[in-house]
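Take a look at the structure below.
Read-outs: derived from the displayed coordinates by stated rules, not from any lab. Since this is a predicted model, take the numbers as computed values, not measurements. All Cβ positions, glycine included, derive from the backbone under ideal geometry; neighbour counts span all protein chains shown.
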C-alpha cells in the first residue's frame, strides 16, 4: 500500500469482491453490475482472455469479473481461448450471473496452458464469501499481484459520485499498457458509449504514460463498470475524476516497477504538440542509461538530452533547458543549451524517492508528463529467474 | 580481442597510427590519405565533432583522423564546436596535414567541455611514433575504448584489395548507431561518391542492427577512407567485402555490450519486407525482458513473441514459429502458433556464449538479422556509476 487507502472499489455502492493467493497462483472475483467498457493492449500477440473480451465487451455491460495471476493464458491458441471462456463460465456459475456478462483477465507466465482445476477450486473457496469489506478488497488486490511489491488502490470522491480502482503492474509496463490490469468502478450512471470514450482518454494520459521497461504485454486490459446508483453526473466532471483516479494508480505502478528504488517523473514543456512532448517524455523515462544514472544518483543530464534527441521529434538542442529535482527543489542543469556547471543540488535531489526531470523545448506551448522508475540489479534478478 | 586479429587497419597500405590511454583519457591518431566518407548519428542532439564533420566531409577527402575518449564534447554549444576545430588543428600541425582534411571524433561523458591541454600533450607524445606496426595498431584500438572490455578489429582480404577496420562500442548502442565509433580503411581506389553509398549500405545492415540498450548516442560516426594504392576494383565485390568487415565488427560490439555475459543473434525469416524483419529482430534484441531471460538461461519464448508483437508490424501470431539454439543446435519452442512443450534443448543452448533466436513469420520471403546481448547486473553497475 502506497498511501493508506485500503477500501477503494469497495467504496463504490454495488461492488463486492474476494480473492485468494496461494504461492504464485491467485484468483479474484469482483461483482458489480452495470454499463462497462474496456481498453486493451495494442500488442498484436494477444492473450486468450483479451481475444475473448474484445468481442464480449461490444455489449457494453458486465455483471462480474474473474482474474487469475500466475498464468497469462497467452500464446495458447484455440485451447487457450476455450479455457478463457470456461474461466468465465466458472465465475458465472459461482456468482449466478450470465456467462456472457463476465469479464476475464489473466496475468503471469506466457506460453503455458492454464490449470482450470486450480481456477475451479479457488473460485469455490472464495465465491461464498464475497463482501464489500476492507478484508475482501485487500484479498482481491493481493490476488492479482505478480511481482508487485504492494497493492494498488485509488478512490476519488466528488460531491455526487465516486470512482474507485485497483490495479497491478510491475514489469512489462510500457508505452502502450504493459502487463497492467486495471479494474475501475463508479456509482455514477454513465451511458456505455461515454464510459468507453472517458476510459480511452484517461488511460491514454495515465497508464499509457508509464514506462517501466519498454515491453508491452500480451494481456493488458483496464475495465470500467458504472453501477449507476448515484444517478446522472456531469460528463466533464466524470472524465476529470476518472483521469485523476487512473493517474494515482499509474504513479503507484511506476513507483513499484520491478526492482525500482526510485520513481521518476518527466515533464516536457513548450513542445509543438502534446504528442511530441509525450514521445520525448516516454523516451527519456524508457532510456536504460537515464534509469541507471538515476539509480546511481548520478545527475548525468547529458543522457537525458541524448535520449530526447533520439525520440524522433525535431527540436533545437541549443535552446533546450533542463531541470532535475525532487519535491520543492528544482535545480537547473542546462539553460538554453548551456550547461550550468553546478550539479550539487541535482545530485542531492537524486537521493530522494521521487526524482523529477523537467525539460523546456522552447518550441511551442504543449506539455506532457510520463512516469517510470530507475533500473537496478533487482530488475535483472527478478526477470532472469521468472519462469522457474 | 575476440578473434586474434591485431593488425587490421595497419594491414592496409598507406595507413599509419598510434594511440595512448591514460586512465579514462585516450587519444588516437590515424593517418591515411584518400577519398573518404562518413555516416553519422541520427540523434538530433549532435556532439560538436559531428557538427564539424558533417560539413567537412562534404569534400569527400581525408588525410588523417584524431579521436579522443573520456569526453564526448557533446552538448557543449559554440565553445564545443570551436574546441572540436582546434582538436583537428592540433592533429594537422603534428602530422603536417591540411587542417580541413582531418577527421575528428570524440566519445565519453556528455555535457562537459573538452580539456584541450590533455589533447595537445597526448598528441605530442604519440605523433612522433606513428607506425603501421602491430604495436601502434594495438595502442590505437585501445585508446578509443571507453567501457569496452576488448579491442575490436576486422580485416577482410580479397585477391585484389583489402578492407580493415577498428571500432569501439559497448553502451548506448542502439537502432541507429549508439556510441559507436568506426574507422575503416581500404587500399581499393573508390570514387568518393561510391564510398558513401557503399558505407551507408554496409552500416545500415551491420552497425545499425546492433542493439545493446536502445540508446543512441550524440557522437556516433563511422569513417571510411580509400587510400587507392590497389587500384580500381569491382563495385559489387567492394560493397560485399565492406558489409562483411562491418558485420564482423558489429558482432564484436554486440558481444562486448556493457555487462554482457552472452551475445544474442536474432533472425526473422519470411517477413513481408526486409524492414519488417529488421524492426521485429531489433525489438526482440532490445527487449529487457528477453535480455534478462537469456541472462537467466530461461527459455521464456513467450517474451520473444510478446516483443515481436509490439514491434508495430502486423503478423498472425497463430502461424508463427520460433526456434532457440546455439551453434548447430536449433530447438523448436513454438511451431505454427503451437508451443512444442519441450524446452530442455532450448535451455541447454542458452548456457552457450552465443544464443541464436529464429522466428518464421510465414508472411512473405524477406529476412533480417540483428545482434545484441543479455542484460545483467553488470550493465546496471557500469551505468549507475559512469560520471563519477
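Segment A:1-74 and segment A:201-259 have Cα centres spaced 13 Å apart. Label-point spacing for residue B:149 across the identical copies (point 7 Å from Cα in the Cβ direction), in nm and ascending order: 2.8.
Treating the angle as unsigned and between 0 and 90°, give the value, to the nearest 10°, between the Cα long axis of helix B:192-204 and the longest Cα principal axis of chain B. Long axis of B:192-204 versus the principal axis of chain B: about 30 degrees.
Take every Cα pair under 8 Å whose residues are at least 6 apart in sequence, average their separation, divide by the length of segment B:1-148, and the relative contact order is 35 percent.
Within segment B:250-278, which residues have the backbone N less than 15 Å from the label spot 7 Å out from residue B:314 along Cα→beta-carbon, could you tell me? Once the point is set 7 Å along Cα→Cβ of residue B:314, B:272-273, B:276 turn out to lie under 15 Å by backbone N, inside segment B:250-278. Rounded, prolate or oblate, given the Cα gyration tensor of segment A:97-187, with a/c below 1.5 counting as rounded? It comes out oblate by the Cα gyration axes.
DSSP beta bridges fully contained in segment B:246-388 are about 75 percent antiparallel.
For segment B:194-350, state the semi-axes of the equivalent ellipsoid (square roots of 5 times the eigenvalues of the alpha-carbon gyration tensor), sorted largest first and rounded to whole angstrom. Walk me through the numbers before you get to the answer.
Values: eigenvalues 217, 60, 47 Å².
For segment B:194-350, the ellipsoid semi-axes come out as 33, 17, 15 Å.
A crude spin-label estimate for the pair residue B:42 and residue B:115, with each label 7 Å from Cα along the Cβ direction, gives 3.7 nm. Neighbour counts of C-beta atoms inside 10 Å place A:76, A:369, A:149 in the sequence A:149, A:369, A:76, starting with the fewest.
Taking neighbour Cβ counts within 10 Å as the exposure measure, how do A:94, B:193, A:362 sort from fewest upward? Before the final figure, lay out each step's value.
Values: A:94 19, B:193 11, A:362 16.
Going from least to most buried by this count: B:193, A:362, A:94.
So if each residue of separation counts as 0.36 nm, and I subtract the Cα-Cα distance between residue B:204 and residue B:362, what length gain in nm does that give?
Details: separation 158, 0.36 × 158 = 56.88 nm, distance 2.45 nm.
Gain on stretching residue B:204 to residue B:362: 54.4 nm.
Report Rg(Cα)/(2.2 N^0.38 Å) for the protein assembly as shown, keeping two decimals. Show your work: numbers first, answer last.
Values: Rg = 27.9 Å, N = 776, 2.2 N^0.38 = 27.6 Å.
Cα Rg divided by the expected 2.2 N^0.38 Å: 1.01.
Taking every DSSP bridge with both residues inside segment A:9-255, close to 70 percent are antiparallel. For the pair residue A:89 and residue A:124, a Förster radius of 22 Å applied to the C-beta separation gives a FRET efficiency near 0.95, rounded to the nearest 0.05. To test your reading of the geometry: what angle, between 0 and 90 degrees and rounded to tens, separates the Cα axis of helix B:116-126 from the longest principal axis of chain B? For B:116-126 against chain B, the angle is about 80 degrees. Among B:96, A:133, the ranking by other beta carbons within 10 Å of each residue's beta carbon, starting with the fewest, stands as B:96, A:133.
Per-residue ellipticity at 222 nm computed for chain B from its helices equals -10000 deg cm²/dmol, with DSSP H segments shorter than 4 residues left out and the rest contributing -39,500 (n - 2.57).
Rounded to the nearest 10 degrees, the inclination of helix B:235-255 to the longest alpha-carbon principal axis of chain B is 70 degrees.
Computing FRET efficiency as 1/(1 + (r/R0)^6) for residue B:133 and residue A:340, where r is the C-beta to C-beta distance and R0 is 45 Å, gives about 0.45.
Beta bridges from DSSP with both residues in the protein assembly as shown: antiparallel share about 70 percent, rounded to the nearest 5. Determine the shape class of chain B: with a ≥ b ≥ c the square roots of the Cα gyration tensor eigenvalues, call it rounded for a/c under 1.5, and otherwise prolate if a/b is greater than b/c, oblate otherwise. The shape class here is prolate.
Let me confirm one metric for peptide B:281-293, namely the mean number of other chain beta-carbon atoms within 10 Å of its residues' beta-carbons. Write out the running numbers ahead of the final one.
Numbers: counts 0, 0, 3, 0, 0, 3, 6, 15, 14, 2, 5, 11, 5.
Mean shielding by partner chains, rounded to a whole number: 5.
Based on the alpha-carbon gyration tensor of segment B:263-384 and its eigenvalue square roots a ≥ b ≥ c, which shape applies: rounded if a/c is under 1.5, prolate if not and a/b is larger than b/c, or oblate? Since a/c reaches 1.5 but b/c is at least a/b, the shape of segment B:263-384 is classed as oblate.
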